[in-house]
Amino acid sequence: MKVMPAIDIKGGKVVRLTQGTMERETVYFDSPLEVAKMWASSGALFIHVVDLDGAIEGKFKNMALIKEIAKSVKAKIELGGGLRDETIIKEALDAGVEKIVLGTKALDEKFLSDMVKKFGGKIVASIDAKDGFVYTKGWLYKSKLKATDLVNKVLRLGVNTINYTDISRDGMLGGPNINSLKAILRTAKVDVVAAGGISTIEDVKLLKTLESEGLKGIIIGKALYEKTIDLKEAIRICAK
């Protein structure tokens, strides 16, 4: 099971938000590139990078920085945030990004279908939910779509990896929502990567037990920056 440290970029800096709220922002580092190097040197094989500016504004903002990160670290980069047209997706992949995470655009069936046909397994559907319902556009807007219904939709379109985030837990350091995650795992029947609330090594151990149910990875953000989880230890546990 893979462990992906998260790097959220806003205004050129590494930040973490609480429950996706822009007003509840903490700046941790000035250089996303140096943080990527730090996580790669700690053993991360994948790094989850999000352009928060792009997620909010609907247009990708940090391509030059992403290209520099992809060129400078051995870890594979999974990229999300404002990737809402084919041109920018192709540019990111050509720059060395390994996987593209579609959140808001995962609700656009034609677009998602087209991208899966063109780029195959490099396309990941991000399902970001709170109280069972999907949120979009940087988690600002609640849709009328249930998370499990969106899972079924993206499966029909050929997606083979889903990132699932429980927004209510994200940045809270309160532990993952196991019940909602299990509901997604029961529905998905494809690889699922979980995020939101992972705050201790005990959380990591608990999530590792769900590997047999289809959980293939976890994304850890705030806990790494607040040093409540040691990345090397998390990787060691999940590699067993």
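The values are calculated or read from the model by the stated rules, or taken from the named source; none is laboratory data. All figures in this text were calculated on a predicted structure; none of them were measured in a lab. Cβ coordinates were reconstructed from backbone atoms using ideal geometry, including for glycine residues, and neighbour counts include every protein chain displayed.
Structure above, values below:
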read-out	value
Among the residues listed as Ala64, Ala106, the single one being of a type in the set (Gly, Ala, Ser), farther than 21 Å from Ser199 by Cα, free of Cβ contacts under 8 Å to residues at least 60 places away in the same chain and surrounded by fewer than 17 Cβ atoms within 10 Å (Cβ to Cβ)	Ala64
Per-region count, the range 51-85, residues farther than 15 Å from Ser31 by Cβ, modelled with pLDDT of 95 or more and of a type in the set (A, V, I, L, M)	4
Some residue of the range 41-53 being in contact (Cβ under 8 Å) with a residue 12 or more places away in the chain, on the phi > 0 side of the Ramachandran plot and crowded, with 20+ Cβ neighbours inside 10 Å	no
Residue match in the range 174-183 (condition: of a type in the set (Val, Ile, Thr), within 26 Å of Ile77 (Cβ to Cβ) and touching a residue at least 24 places away in the same chain (Cβ under 8 Å))	no
Any strands (runs of 3 or more DSSP E) falling wholly within the range 147-222 and containing at least 3 residues that are within 30 Å of Val27 (Cα to Cα) and not small (Gly, Ala, Ser)	161-166, 215-220
Residue within the range 145-155 that is free of Cβ contacts under 8 Å to residues at least 24 places away in the same chain and within 19 Å of Lys2 (Cβ to Cβ) present	no
Residues of the range 11-32 satisfying the condition of being over 18 Å from the mean Cα position of the chain (by Cα) and either acidic (Asp, Glu) or surrounded by 14 or more Cβ atoms within 10 Å (Cβ to Cβ) (or both)	Glu23, Tyr28, Phe29, Asp30
